[in-house]
Amino acid sequence: MPISVISVEQHQHSDEVRHFDHCPWLFAEGATEEQRAAQRDRQRRAGGDSEIGERCYVAESAAVFPDRLRLGDDSYIAAHAYVTGELTTGTDCTLNPFVTVRGAVTLGSGVRIGAHTSLLGFNHSMAPDRPVFQQAHTSLGITIGDDVWIGSHVVVVDGVTVGDHCVIGAGAVVTKDLPAWTVAAGNPARPLRDRRDTKPAGAARGADTLARFADTARAQAPDILAGCWDGDRYVDRPGATATVRAHCDAVEIADLLLGSAPEQLSAEEHVKRLSAAQDPDTGLAPELGGPLPTPDADGFVGEGPALYHVLSLGYALDLLGARFPRPVRGVREMTASQLVARLEGLPWREGAWGAGAWVDAWATAAHWNLRHHADDGVAPGALEALFGWLLTRADPWTGMWGCPSPQAGRLQVVNGYYRLTRGTFAQFGVPVPHPERVVDAVLDHARDTRHFGPGRNNACNVLDVAHPLWLCVRQLGAHAKDGGYRSAEIRAWAEHQLAAALPRWHGGKGFGFGPGAGGPGAEPSLQGTEMWLAIIWYLADLLGRADTLGYHPRGVHRPEPARTPGQA
């Protein structure tokens with residue numbers, strides 16, 4: 001058998017071709033005239049209806065068998081790429097080694113496609129009446145915009161459009177359209193951030209963590225709600241007694257994560273049951289099986305579950321597209337002078353939280369009354385008296401109401417501030433007084449290890465810091481931006497709290513309220529889940545990442561005003 005003899009020159013030529021095939025960007029400057037002539041011949045052999053621009057390169061080892069090929073100037077197809085179907089590219093596009101492009105694919109200009117990536121612009125039908133290999137092909141096509149970088153081992157499936165300036169991380173599987181400037185990764189690919197956002201990489205990782213958490217919460221929400229349904233009513237946790245708030249929390253969680261009413265009842269039955277909780281005479285809602293609260297001399301109550309039910313029951317009905325059947329009579333009939341007298345008599349010094357909670361309930365009842373009877377929902381001048389009293393009584397050094405104590409520090413003051421401003425300034429869209437001083441006071445409180453030390457963070461304490469910070473940051477015009485008033489400290493606190501909160505999720509059960517004797521405790525519950533989901537949104541929004549959660553509070557903890565100044 002004859003032995004072939006390969007010359008040194010042939011070895012060198014073969015090595016150079018392999019080098020250019022794998023590193024085609026070197027061809028323009030490093031190729032000999034003979035190699036340029038060979039490349040022109042290679043391009044003529046591309047086959048199909050092909051037009052190849054200036055300064056392009058098609059690897060000898062690439063399998064290029066197109067029906068139609070339009071390769072823009074300064075573009076290349078590298079070693080072992082596989083190209084079939086219809087490919088159109090702009091200028092400066094690169095298909096790196098082992099890239100597969102099939103079906104109908106259009107690339108803009110300046111597109112970089114990493115090694116081993118597949119753009120599959122066709123699909124099989126999947127009708128059950130015949131084997132897959134006998135199915136017809138379908139093709140919607142793939143469109144990639146300008147200035148797009150697609151990493152290695154990415155798969156883009158048929159029908160996808162990737163907008164201009166996107167970056168897709170290695171190993172991603174892109175099954176849905178990506179808007180311009182998106183940085184995406186994962187299987188399936190998920191938007192992580194906007195490429196124009198200059199936050200560090202840690203923020204992108206944080207956004208991905210939030211997205212995974214939200215996906216988990218959504219997937220497990222039906223089981224959480226089912227576990228707190230005793231067969232007839234909702235309970236805060238399995239084995240507990242049914243309550244009005246448990247039903248309301250179930251509605252809030254389902255709306256937030258699932259965009260629907262809890263599936264244990266029809267939406268109409270939810271509305272019927274919740275509406276029936278309101279007393280037809282006073283407009284108040286007692287606890288299930290509990291006595292109707294007796295109004296005080298001015299017609300409204302001073303304490304008890306009926307106060308919070310004004311919030312929870314009212315917003316649950318609102319989320320279901322309904323409203324309180326009747327106005328809250330004590331609020332509608334309370335005169336401005338009676339309201340001022342009540343405000344003056346609240347325990348601001350020793351119990352600012354209770355005082356703030358009362359104001360929250362009164363103002364929220366006024367909001368629902370005005371929704372029910374715009375003309376006579378509240379007595380003339382009552383709302384003006386409320387806001388006037390609050391604005392003139394706010395401490396200019398803290399922006400708050402009430403006094404700290406040696407025993408509890410600012411806990412009562414800050415927690416009362418949250419409840420008070422939630423129902424008044426935030427709910428009615430009125431700016432809070434002295435926002436910088438509020439930020440100072442809240443951050444000072446957030447350093448108090450009696451309430452924020454290891455094992456001490458509960459939902460109330462964290463929410464009652466997060467919401468005031470969020471409200472003031474928004475008002476000061478520095479939302480989610482560095483450079484605002486004490487912005488770095490706010491962001492650092494939010495980052496720390498968010499990192500601590502997410503691992504507290506109990507799989508299939510939700511969040512517990514938190515440690516300590518106050519509140520319902522650390523066991524997973526509807527109340528804990530509803531509150532921590534809202535807290536996580538506020539913390540994420542302080543960091544500019546709330547959009548990655550894919551949910552937005554609309555009930556008791558809604559960020560936007562429920563009313564605007566002057567609204568009927």
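The values are calculated or read from the model by the stated rules, or taken from the named source; none is laboratory data. What you see is a predicted model; the values in this text were computed from it and never measured. Don't worry about glycine lacking a Cβ; one is built from the backbone with ideal geometry, like all the others, and counts go over all protein chains shown.
Laid out as a table, the results:
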{"quantity": "Looking only at region 279-301, and only at residues there that are hydrophobic (A, V, I, L, M, F, W, C) and farther than 16 Å from residue 323 by Cα, the one that is surrounded by the most Cβ atoms within 10 Å (Cβ to Cβ)", "calculated": "300"}
{"quantity": "Residues that are at positive phi and either part of a loop (DSSP other than H, G, I, E, B) or among the charged types (D, E, K, R) (or both), drawn from region 390-429", "calculated": "399, 402, 429"}
{"quantity": "Matching residues in region 53-111 - criterion: being of a type in the set (S, T, N, Q), within 18 Å of residue 146 (Cβ to Cβ) and surrounded by fewer than 20 Cβ atoms within 10 Å (Cβ to Cβ)", "calculated": "88, 91, 106, 109"}
{"quantity": "Scan of region 369-385 for residues that are surrounded by fewer than 19 Cβ atoms within 10 Å (Cβ to Cβ) and in a loop (DSSP other than H, G, I, E, B), ordered by number", "calculated": "373, 374, 375, 376, 379, 380, 381"}
{"quantity": "Hits in region 386-399 (condition: among the polar types (S, T, N, Q) and crowded, with 21+ Cβ neighbours inside 10 Å)", "calculated": "398"}
{"quantity": "Residues of region 431-449 that turn out to be touching a Ser or Thr at 6+ places or on another chain (Cβ under 7 Å) and in a loop (DSSP other than H, G, I, E, B), as a count", "calculated": "1"}
{"quantity": "Qualifying residue in region 34-57 (condition: touching a Phe, Trp or Tyr at 6+ places or on another chain (Cβ under 7 Å), closer than 22 Å to residue 118 by Cβ and among the hydrophobic types (A, V, I, L, M, F, W, C))", "calculated": "yes"}
{"quantity": "Filter result (farther than 19 Å from residue 143 by Cα, in contact with an Asp or Glu (Cβ under 8 Å, 6 or more places away or on another chain) and part of a strand (DSSP E or B)) within region 170-199", "calculated": "192"}
{"quantity": "Candidates 341, 374, 355 - the one that is in contact (Cβ under 8 Å) with a residue 60 or more places away in the chain, farther than 30 Å from residue 476 by Cβ and in the same structural domain as residue 282 (by TED's automatic domain parsing)", "calculated": "374"}
{"quantity": "Members of region 38-78 found to be in contact with a Cys (Cβ under 8 Å, 6 or more places away or on another chain) and assigned to a helix (DSSP H, G or I), listed by number", "calculated": "43"}
{"quantity": "Filtered residue count, region 400-437, keeping only those that are crowded, with 17+ Cβ neighbours inside 10 Å and free of Cβ contacts under 8 Å to residues at least 40 places away in the same chain", "calculated": "2"}
{"quantity": "Extreme residue, nearest to residue 407 (Cα to Cα), among residues of region 356-383 that are under 33 Å from the mean Cα position of the chain (by Cα) and aliphatic (A, V, I, L, M)", "calculated": "357"}
{"quantity": "Among (1) at pLDDT below 95; (2) more than 22 Å from residue 232 (Cβ to Cβ) - the single one residue 290 does not satisfy", "calculated": "(2)"}
{"quantity": "Failed item in (1) β-branched (Val, Ile, Thr); (2) assigned to a strand (DSSP E or B); (3) more than 24 Å from residue 171 (Cα to Cα), with residue 91 passing the rest", "calculated": "(2)"}
{"quantity": "Within region 253-286, tally of residues that are in contact (Cβ under 8 Å) with a residue 24 or more places away in the chain and under 16 Å from residue 227 (Cβ atoms)", "calculated": "7"}
{"quantity": "Residue tally, condition hydroxyl-bearing (Ser, Thr, Tyr), under 21 Å from the mean Cα position of the chain (by Cα) and modelled with pLDDT of 90 or more, over region 192-247", "calculated": "1"}
{"quantity": "Per-region count, region 220-256, residues assigned to a loop (DSSP other than H, G, I, E, B) and not hydrophobic (A, V, I, L, M, F, W, C)", "calculated": "10"}
{"quantity": "Subset of region 112-146 [in a strand (DSSP E or B), under 16 Å from residue 87 (Cα atoms) and not polar (S, T, N, Q)]", "calculated": "112, 113, 119, 120, 121, 142, 144"}
{"quantity": "Qualifying residue in region 438-450 (condition: more than 27 Å from the chain's Cα centre (by Cα), assigned by TED's automatic domain parsing to the domain that holds residue 275, surrounded by 15 or more Cβ atoms within 10 Å (Cβ to Cβ) and on the phi > 0 side of the Ramachandran plot)", "calculated": "no"}
{"quantity": "Residues satisfying the stated conditions in region 500-525, i.e. touching a residue at least 60 places away in the same chain (Cβ under 8 Å) and either of a type in the set (Phe, Trp, Tyr) or over 18 Å from residue 215 (Cα atoms) (or both)", "calculated": "505, 515, 516, 518, 519, 520, 523, 524, 525"}
